[in-house]
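The values are calculated or read from the model by the stated rules, or taken from the named source; none is laboratory data. Computed from a prediction, not measured in an experiment: that's the story for all the values here. Reconstructed Cβ throughout: ideal geometry from the backbone, glycine too, with neighbour counts over all protein chains shown.
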Amino acid sequence: MATSLDPYLSFGDNAREAMEFYQGVFGGELTVSTFGDFQLSDNPADTDKVMHSQLVSPGGLTLMGADTPTGMPGGQSNGTLSLSGPDEAELRGFWDKLSDGGEVTMPLEPAPWGDIFGMCTDKYGVSWMVDITQQA
């Protein structure tokens, strides 16, 4: 089996909402486990927080996320996720959903290197780059 790189996002307390949003963007199966499901917190405020979630899209994309337990440092993840490929319709569809309600920092448009490229931050504060690669 090949090694995979699977982004894991941290959220303050809205991981379930964010991961359901990403399921609406990418499709696929979402599994969610809470701290309460495994009795992993003595703090009642954490019972319904997401301990682990995983979204696997029909195209094979994997995205994971969790809430930060009370009293633990952390919160919102930093960094940028990048989507790239030649399927313009698919990537524009992802772009439209990810940028809706968020902030477009660079419009999705032709780039100097010949691809169609854009950057946005979605409504959950996650930064995205979308690169629609052009066939040579």
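The single condition among (1) more than 27 Å from THR133 (Cβ to Cβ); (2) surrounded by 12 or more Cβ atoms within 10 Å (Cβ to Cβ); (3) out of contact with any helix residue (DSSP H, G or I) (no Cβ under 7 Å at 6 or more places or on another chain); (4) aromatic (Phe, Trp, Tyr) that PHE11 does not satisfy is (3). Taking the listed residues ALA18, ALA2, the one that is closer than 30 Å to GLU90 by Cα and either assigned to a helix (DSSP H, G or I) or in contact (Cβ under 8 Å) with a residue 60 or more places away in the chain (or both) is ALA18, with no other qualifying. Can you work out which of the residues in segment 42-57 that are charged (D, E, K, R) and assigned to a loop (DSSP other than H, G, I, E, B) is farthest from LEU9 (Cα to Cα)? Step by step, filter segment 42-57, then rank; the result is ASP42. Within segment 92-134, the set of residues being closer than 15 Å to GLN23 by Cα and either without any contact (Cβ under 8 Å) to a residue 12 or more places away in the chain or charged (D, E, K, R) (or both) comprises GLY93, ASP96, LYS97, ASP100, ASP122, LYS123.
Do the conditions hold for THR3, that is, is it out of contact with any helix residue (DSSP H, G or I) (no Cβ under 6 Å at 6 or more places or on another chain), farther than 21 Å from LYS97 by Cβ, β-branched (Val, Ile, Thr) and modelled with pLDDT under 95? So THR3 passes the test.
Considering only residues that are farther than 14 Å from THR68 by Cα and assigned to a loop (DSSP other than H, G, I, E, B), look in segment 28-41 and name the one that is modelled with the highest pLDDT.
Step by step, filter segment 28-41, then rank; the result is GLY28.
Of all the listed residues (ASP87, ASP96, ASP46, ASP42), the sole one being charged (D, E, K, R), out of contact with any Pro (no Cβ under 7 Å at 6 or more places or on another chain) and over 29 Å from GLY118 (Cβ atoms) is ASP42.
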